[in-house]
Each structure stands twice: as C-alpha cells, then as structure tokens.
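Laboratory data are not the source of any read-out in this text; all were calculated from the coordinates shown. None of the values given here were measured: they were computed from a predicted structure. Positions of Cβ are backbone-derived with ideal geometry, glycine not excepted, and every protein chain shown enters the neighbour counts.
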Amino acid sequence: MASTVFRSLQSFPFCLHPTTLFRRKNGIFYCTIKGKHSQTATQEKQTSNVKVSSHPAIKTLDKILKDYEAIIGIETHVQLSTLTKAFCNCPYNYGSPPNTSVCPVCMGLPGALPVLNSKVIDSAIKVGLALNCKLSLNSKFDRKQYFYPDLPKGYQISQFDIPIATGGFIDLDLPVEFGGGHRRFGITRVHMEEDAGKLLHSDSGSYSQVDLNRAGVPLLEIVSEPDMRNGIEAAEYAAELQRLVRYLGVGNGNMQEGSLRCDVNISIRPIGQSQFGTKVEIKNLNSFSSVSRAIDFEISRQVQLHSQGQGDQIVQETRLWEEGAQKTVTMRKKEGLADYRYFPEPDLPGVILTDEYVKDIHNSLPELPEIKRRRYEKMGLSMQDVLFLANDINVAKYFDATIAKGADVKLAANWIMGDIAAYMKNEKLTIDEIKLTPQELAELIASIKAGTISGKIGKEILFELLAKGGTVKGIIEEKDLVQIIDPAEIEKMVDKVLLDNPKQLEQYRGGKTKLQGYFAGQVMKASKGKANPGLLNKILLEKLNAKSS
Amino acid sequence: MGGRALILVKGLPLPKHHIFTDFSCNSSSAKLLRLRRNNNSWGRRNFSTWATNGSSLEPPDVPRLAETARISLAPHEVEEFAPKIRQVIDWFGQLQAVDLQSVEPAIRADTQGDNFRDDVPETFENREAIIAAVPNYEEPYVKVPKILNKE
Ligand SMILES: [Zn+2]
C-alpha cells in the first residue's frame, strides 16, 4: 500500500482545500476527456484522505512543505490534425493498421526528399499568435540526430536555434473549486517538428515492435517558462493548451491517444533561495489529473529528501508516472546533456513568412478561450458558469447561438449546464449530436418567460426536443400544452377537487394544513400540469380557508 | 560540438558501420541507408550552428565521434583517421579566420521559401517494396531488439 510519501501527498498543503484530491476525481479540470474514475474510487479516496490527515507525521511534512517552493516548467507536444504528414503525402489516421501509411520520405529511404505541408506552417502561426508570441518571419528546420528504432532516418526534423515563435504567454482561470484566480504563464518557444513512430513492447519481452504510421506526423512543441508552482496550476496550463488547440482547430488535443503529451520539469528550493534545485523530468502523463498528481507527488518526494539532508539524492533524471501505484519511478539517469548534433536541414529550404500572410491568419483567428471567458464574465455570469461554458468550444458555440436568438443569458446558461448537460452525459452525446437546436432552446426559454407554458411543462418539452427534435410551438400545439392562466377555469378545477375529497378537506380544516400540497397536486393533475402554479395556489388557498371560518 | 561527426561520415571512406546499434545490418535496407548517406549533400551546406572558438579548433576525439555516428572503428583505424579529420577541422579553422564583421548572418544559404505542399493525402502505391526491405518484419510490425531505456 501507499508509502508515507504518497500518503502525505493526500493532505498536500499547496492545494487550497483539504478536499482537493477528492474533488479532483470528479472532473474538476473541465477537461473534455471522459472521466474514468468510478464512484467507488472517489469514495475510497475520500476515506483515505480523512484517515491520513489525522496522521501526526503528515502534519510535520505539511509544515516542511510550506518552507519550500516548487519550480515547474512544461514541454507539451501537440499533434496537428492535418490530413497528411509533415513532409510527405501519407495520410495519417489514428488507429490505422500498423505500417500502412508509409512512403520513402517518412521511412527515410535514399533519394526521397521532404516537402513541408503548408497546413503545418498555418497551424504553427495560429498557435504562435494565440500564445501571444513573437513570430520569426525567417526560420528554418534543423536535424536532431539520435538513434532509436522508432526513428527511421536516424534524425528528427525539428527546429533548434530559430523556432517559429518565441516569448509569449497564456492566460487562464483556475477552477473555483481550487479557490479560483487568474494566472498568466510565460511561453518560452513554439517550434515545428515531426513525430517518431510508435514503439510497442511485446508481451514476452524478448523484442520490441515498431509501427511507423506516426513517423513524420507534424507536431508543435510548446515550451513554457518555469512559472507553475503546483500540480493544479500545471494541469490547468495543460487544459488551457488543449482548449486553445481545439478552439483553433489545429489539433484534437486528445491525451489518451497521445495527441497532447506533457513532459514536466520540477525542481524545489527553500523559499528565499534564488538558486534553482536539481531538475527532474516526469513523463508518461496521459491525463490532466495525472499531471497534477504526479507533480504533487514529486514535489513531496523532493522536499522530503531535501529536508532530511538527502538533497544529493535528487538527481537529474527522467521519472515515469505510474498511474496504478500513484508514484513516480526512475526511468533513466541523465549522463550529461545528450549530444544531438543539430545542424540546418539541408533537404528543406528556409521558412519565410510575409507580414501579409501572418496578418491574414491573425484576422482569421476565432475568439480565443481567454477572450470568451472575459466576455461571458462581463455578461454577468458567475465564474463557475463562465468556466463551464467556455471549456468546450462546441458548448460555447451553442450557448452563443442561443443568446444570439435573444434568450436570457442566465437562463440559457442554466438550461445548458443543467438538464441539457445531464442528458448529454446520460446518453453519451456531444452537444453537436443533440436534436435540440439553439433556436428552439431560445424559443423554449422565451415561452416560459412569457407564461405560455409552465416551467414544468418546459422541462417535458425540453426532453422531447432533445430526443426527437421538432419545435417548441409544434409540441405545444400538438399536445395542447398551453398554460392555463384563466382564473375562472382554475377555480372550476379547484372546486371539483375539493368536492371529490371531502375527507381530506375536513382534515385540512381541522388543522392538518399540510394537506394543501395534496390538493395542489390533485388540481395540477386535473389540469394535466398546465395550470399556472401561482394562480392555482392562490385560488386553492382562498377556497380552503374561506369556508373554514 | 554538433557537426563534427558529419564530417567523419561525409568526408571519408566509410568503414563498416551500424545504422542502429541494436540492429543487424546485413540486409538490403542497411545498404539503402548507406547509399543515402553517400548521396546526401551534407558537406556543401552552410552550418549556422558551427562552433566559433577562434582559429584554433580542438583536435578530434575520434572514438567519440565514431560512437555518436554508430560507427565501429578498430584502434588502427582511429589512428589512421585522426590526422585526416584534423585536416578537415583545420580547414574550418581557416574559414573561422575570415572577417565577417560587416556581414549579416544567413540562416540558410539557399533560401527561396514558399516551397510548400498542399495538405492532400496520397497513398504510396509501392508499400510492399518498402516493407520487403525492412530487415526484420513480422506482420504487421517492424521487429527490433528489446529496447532498454537508453538513448
Ligand atoms: Zn510518408
């Protein structure tokens, strides 16, 4: 079971709430990936969390952790969703049969020459601009040499000393559950490169297998400044990058498929010390929660070593995050800097951009997540609503389309975040797949607001529209659902219910006033749910009390 | 410093060498790769990342160069190549001495730009020939020796 280090992590003080770990399991990152954690897992976590916080040794570590500061930087590889690879026409589709999408260029055969896919440049410029970077109008590709079986050419085409974009930043909002707050993290550089193939290890372990479909697929490597201080900030940084590439339409950002890969660098230092500690790299982080938990684990591990005078045991190395054991383990120690012997790629010309080209792309950029969040905030939505709606570009588009049809902002947000989100979750649908159009949602909200239908009927109509489509007006007419707001008509129904329930009426008048709810239910039932609830209650109460005196 | 090993590869007759340390190299694909190296235009290009430590460049560490290029050299070969490589490096030393104070650094020597391709997929029609040239293939994967955590 868990070591002391792991258990101490669970009450990690850098997190703003003691329930952090528990909450995190419930998909707090607003990430659009499907949550895999079952309710049972959540329960378990909660229990162990409670148990551990009362452990005396942990309290000491909590105290020690407060004396340290963690320095975290992230290298992210974003796979671009181009139709073809970076330097050849091979199509790339995730999940294709192994080694089917290969050609002389991506296999590194003699005489084959790479030609850059223009979409790669477009995507790099989009991401560079969206990250507020300075673009290099004149850059180039370089060869990074190393020998590995997933790299047929013996080198990777990458960008070394002149990346396409440098010196930017990204803005994000931390989830309300973690205390909220706005953060700006620096972006050191963005460069273009090609992916390697996929290496699989056979079960017997006596040999490895290579699938070269992925070899040559375009990537952007985004390097952050070491600006993050804890696991939550790092995970949110990664989530914001995912959001950004999805908004821009340059990648699917899917972590499970490896379309978004994060390598994290962590060092710690006693607060007040200006010199950095030894940097440790963590790989194999394939979800936002593993980014967060791996970092918090690693900080804890390093602080413990340092505080016990074993700081020399923190060595420059690459560690792997083991999801099952919830800990990091040594993958390899770094023996000095690898010598990649970079030099300019002779088979490719320089990458020259004109101001005009960049300007065109700049003008074509969509509204980015940060701008959208600020706009939603100005419309009066709570941060919780803002984060939910802006998280997924398709949800944001749906919301924008609904309010463009004149729907009340807060009501539209409530419907989308409430019943519609619940329906999507139950039916495992995305917002693009539901049959309710933004137009009809706006119509529904307006019909309730105008009193044409009750809120209860509104909900029924909503579920019908979600499942079958159609129009609000059509369903109201077809099912005769218009709300009854004629007092005389409601009065008639009340009279009939009172007449039909003499025993209950007697009890009510004898003091059992709780029965009002029973009568209201009966009248509502008689009206087939169409009676205006306010009017109904008003008339019912008058009648119930009138004859008792 | 980057680039030295290239000179070794480009400028000299190639001794027996291994493409991947862990691969057996007696197949046709290895020959293709060797061919590629000879055909390549490496030496002619302008290396902007070249070291600039004045006129006296360090003498070559031949065994290390051979290792980074995955080339096996016998001790007598190391002895034989060292002065030859030294000659080439000295030639670069002469280039370093040229006064470039007033010259704008070039990123690429042959920059024309706009040499892009549209993002239109095309399946390579002779995949079988490529797969047939793979030294060790076991449908549907390329089979390689077990990979340890080593770069
Ligand atoms: Zn290809």
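Here are a few things to note about the model shown:
- Backbone geometry of region A:321-331 corresponds, through the Karplus equation with coefficients 6.51, -1.76 and 1.60 at θ = phi - 60°, to 3J(HN,Hα) couplings of 8, 9, 4, x, 7, 6, 8, 9, 10, 4, 9 Hz, x marking Gly and Pro.
- Efficiency of FRET from Cβ geometry, A:A467 and A:K378, R₀ 41 Å, rounded to 0.05: 0.75
- Whether region A:140-199 is rounded, prolate or oblate, judged on the alpha carbon gyration tensor where a/c under 1.5 counts as rounded: oblate
- Around A:R373: net Lys/Arg minus Asp/Glu count, Cβ-Cβ under 11 Å: -2
- Across peptide A:80-87, the average count of Cβ atoms from other chains found within 10 Å of a residue's Cβ is 2.
- For chain A, the longest principal axis of the alpha carbon atoms and the long axis of helix A:393-404 meet at an angle near 40°.
- Degrees between helix A:516-526 axis and first principal axis of chain A (Cα, 0 to 90, nearest 10): 90
- Based on alpha carbons, the Rg and Dmax found for region A:444-549 are 15.9, 52 Å.
- Greater than 32 Å apart at Cα, pairs in A:K359/A:K397; A:K144/A:K333; A:K435/A:K538; A:K473/A:K538; A:K359/A:K435: A:K435/A:K538; A:K359/A:K435
- Seen against the Cα atoms of chain A and their longest principal axis, helix A:438-449 is set at about 30 degrees.
- Value of Rg to Rh for region A:487-548 (Rh from inverse mean 1/r over Cα pairs, i.e. Kirkwood): 0.93
- When each of A:K449/A:K503; A:K66/A:K283; A:K327/B:K146 is checked by Cα-Cα distance, pairs over 32 Å: A:K449/A:K503
- Cα convex hull, chain A: 221 Å³ per residue, rounded to a whole number.
- For region A:420-434, 3J(HN,Hα) per residue [Karplus equation, 6.51 cos²θ - 1.76 cosθ + 1.60, θ = phi - 60°, Hz, x = Gly/Pro]: 5, 4, 5, 4, 4, 5, 4, 8, 6, 10, 8, 5, 6, 8, 6
- With K and R counted +1 and D and E -1, the other residues having a Cβ less than 10 Å from that of A:T76 yield a net charge of -2.
- Each residue of region A:72-88 was assigned a 3J(HN,Hα) from its phi angle through the Karplus curve 6.51 cos²θ - 1.76 cosθ + 1.60 (θ = phi - 60°); the sequence is 10, x, 10, 9, 10, 9, 10, 7, 7, 8, 7, 6, 10, 5, 5, 10, 9 Hz, with glycine and proline shown as x.
- A:Q507 paired with A:Y207, simple spin-label distance in nm, labels 7 Å along Cα-to-beta-carbon: 8.1
- Cα gyration tensor shape for region A:313-420, rounded if a/c is under 1.5, else prolate or oblate: oblate
- Placing a pseudo-label 7 Å from each Cα along the Cα-to-Cβ vector at B:L95 and A:E323 gives an inter-label distance of 4.9 nm.
- Take each residue of peptide A:131-142, count the partner chain Cβ atoms within 10 Å of its Cβ, and average: the result is 1.
- Taking a sphere under 10 Å around the Cβ of A:I457 and counting the other residues whose Cβ falls inside, with K and R at +1 and D and E at -1, yields a net charge of +4.
- Amide H within-cut-off set for A:L200, under 5 Å, with H built and near neighbours excluded: A:Q209, A:V210, A:D211
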